[in-house]
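Chemist: Structure in structure tokens, see below.
Every number here is computed from the coordinates shown, using simple stated rules; none is lab data. Note that the structure is a prediction, hence the values are computed from the model and not measured. All Cβ positions, even for glycine, are placed from backbone atoms using ideal geometry, and neighbour counts span all protein chains on display.
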Amino acid sequence: MTQESTPTYYQASQFFDGQGIQENVRLTIDGGVITAIDTNPQPTDLPLNGLVTAGFIDTQVNGGGGVLFNQQPSLATIQKIRQAHSLFGTTAMLPTLITDNLNIMQMAAQAIAEAIELQEAGILGVHFEGPHLSVPKRGIHSEKTIRPLSDDEMQIFCRQDLGQVMVTVAPENVTPQQIAKLADCGVIVSLGHSNADIETVLQAIDAGATGFTHLFNAMSGLTARNPGMLAAGLHDERVFCGIIADELHVHPYNCRLAFQCKGWQRLMIVTDAMAHVGADVDSLPWLDTEIIRQGNKLTLPDGTLAGSALDMSSAVRNLHHNMDVPLASALNMASSTPAEFLTCSNRGKLEVGMQADFVLLNEQLHTLGCWIAGVQVAHEGAQI
């Protein structure tokens, strides 16, 4: 005999339903799922004083809480990264492995498989950012481990026990046939760290690529006679684009341009976060050098940008307060848009039948609380 669960009732003083903000909404959660939403709160309901919105979904998370997935590819690292980002409203993510050798890739895949088997809260799958990238656009990725796509990597990408797999590739260094094979295996192919011309990019999209990794950064730019990867990302309606809205990676004017071109329906927030989020870390070893933090900017000693110290709620604030993006659009760019990109049908919106992943924000859009499947995983005062 199975024991029936007991519903939990909340009263949200403000509630974002994906289109607008309602007031005094009653939210009923049972078994980790939203079972009712109405405007008839009761005195016994648990108060949520602030703005309740769908949990944030981040498709590019290299680290957090003082740890980096590449350096410690384990279940414990995955858990620590997720816990750090939940302080800032992230309820689901793809831990991201930067270009590395085959052994580290296999260790990372095994850690993700373990997390998926254990149904680890907030872990949807994995993002392999590389190793099949362009050397001229490699950023902090090691030139020594950038390489062609072989059967060994293909075998990892096509594993069926990793949840949703996302792979960033440079389309000039993989074939349309390889992209098609990945797509046929259920892998989400995103284009990035690339110097490709427009024809090569469009062939990759035709073959099944559906995403662009950190739009504007580490990709061929737009000029009069050479549209480059950037033009395809901005123009092609088939693709989703991630953007790092930290005001360091992309100028606010360009963020607004991307929003005008793509709308919230095809433009999503990513953090590209390193170990610094949710941790007091100023310097982090990286390959034969180090990543240095100055304010919110992470660089190598030569000035190369090295990921970010961005969190999702800060990105929402930046877009809304500093880039003139309507609040509803910014919230959707952090939730429903990445959910659609990942074909994740049970997250990204607060509707009956959806998993109860939600965030409580104050008037300044700082995180007061975070719930995954109806369980509170972060609360006010827990931030570092």
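Chemist: Expressed as an acute angle from 0 to 90° and rounded to the nearest 10, what is the orientation of the C-alpha long axis of helix 102-117 relative to the principal long axis of the chain?
Modeler: The two axes meet at around 20 degrees.
Chemist: Once Lys and Arg get +1 and Asp and Glu get -1 on their Cβ, which of Leu94, Trp286, Gly125 lies farthest toward the positive end of the dipole of the chain?
Modeler: Trp286
Chemist: Gap in Å between the Cα centre of the stretch 299-339 and the Cα centre of the stretch 19-44?
Modeler: Taking the Cα centre of the stretch 299-339 as reference, the centre of the stretch 19-44 is 28 Å away.
Chemist: Here is a further query. Once R0 is set to 41 Å, what does the formula 1/(1 + (r/R0)^6) return for the Cβ-Cβ distance between Ala183 and Asp324, expressed as a FRET efficiency to the nearest 0.05?
Modeler: Computed FRET efficiency for Ala183 and Asp324: 0.70.
Chemist: Where nothing but the Cβ of Lys and Arg (+1) and of Asp and Glu (-1) is charged, how large is the charge dipole of the stretch 35-175 around its Cα centre, in debye to the nearest 20?
Modeler: 380 debye
Chemist: When only DSSP loop residues count, what GluC sites (Glu not before Pro) in the stretch 131-191 have their Cβ near at most 16 other Cβ atoms within 10 Å?
Modeler: Glu143
Chemist: Also: Let me confirm the definition first: pairs of Lys residues in the chain, 8 or more apart or on different chains, C-alpha distance under 27 Å. How many are there?
Modeler: Count of close lysine pairs: 9.
Chemist: In sequence order, what are the phi-derived ³J(HN,Hα) couplings for the stretch 76-84 according to the Karplus relation 6.51 cos²θ - 1.76 cosθ + 1.60 with θ = phi - 60°, rounded to whole Hz, with x for glycine and proline?
Modeler: So the Karplus estimates, Gly and Pro as x, are 4, 5, 4, 5, 5, 4, 4, 4, 5 Hz.
Chemist: Using the Karplus curve 6.51 cos²θ - 1.76 cosθ + 1.60 with θ = phi - 60°, what ³J(HN,Hα) values do you get for each residue of the stretch 308-321, in whole Hz, with x for Gly and Pro?
Modeler: Taking θ as phi minus 60°, the curve returns 9, 10, 7, 10, 5, 5, 5, 5, 4, 4, 4, 5, 7, 7 Hz for the stretch 308-321.
Chemist: Which of the trypsin sites (Lys or Arg not before Pro) found in the stretch 134-180 are in a DSSP loop and have at most 13 neighbouring Cβ atoms, other than their own, within 10 Å?
Modeler: Lys144
Chemist: So how far, in whole Å, is the C-alpha centre of the stretch 56-71 from the one of the stretch 130-158?
Modeler: If we compute the Cα centre of each part, the gap is 19 Å.
Chemist: May I pose another question? Taking the beta-carbon count within 10 Å as an exposure proxy, list Cys255, Cys344, Cys158 from fewest neighbours to most.
Modeler: With the sparsest Cβ surroundings first, the list reads Cys158, Cys344, Cys255.
Chemist: What's the exposure ranking of Ile116, Ile269, Ile244, going from fewest to most Cβ atoms within 10 Å?
Modeler: Least crowded to most crowded, the residues run Ile116, Ile244, Ile269.
Chemist: Right, next: Which Cys residues of the chain have no other Cys beta carbon under 4.7 Å away?
Modeler: So far as the 4.7 Å Cβ criterion goes, Cys241, Cys255, Cys261, Cys344, Cys370 stand without a partner in the chain.
Chemist: Just rank Trp264, Trp371, fewest to most, by other beta-carbon atoms within 10 angstrom.
Modeler: The order, fewest Cβ neighbours first, is Trp264, Trp371.
Chemist: How about the stretch 188-289: which GluC sites (Glu not before Pro) there lie in a loop by DSSP and see at most 13 other Cβ atoms within 10 Å?
Modeler: Glu237
Chemist: Further question: Over the stretch 55-341, calculate the relative contact order: mean separation of alpha carbon pairs under 8 Å at least 6 apart, over the residue count, as a percent.
Modeler: 19 percent
Chemist: Name the residue farthest towards the positive end of the dipole of the stretch 110-187 from the options Ala183, Thr168, Met154, assuming +1 on Cβ of Lys and Arg, -1 on Cβ of Asp and Glu, about the Cα centre.
Modeler: Checked the options; the winner is Thr168.
Chemist: Does the stretch 1-102 come out rounded, prolate or oblate by the C-alpha gyration tensor, with a ≥ b ≥ c the root eigenvalues, rounded set by a/c under 1.5 and, if not, prolate when a/b is larger than b/c and oblate if not?
Modeler: prolate
Chemist: Charges only on Cβ, +1 for Lys and Arg, -1 for Asp and Glu: so what's the dipole of the chain about the Cα centre, in debye to the nearest 20?
Modeler: Dipole about the Cα centre, nearest 20: 480 debye.
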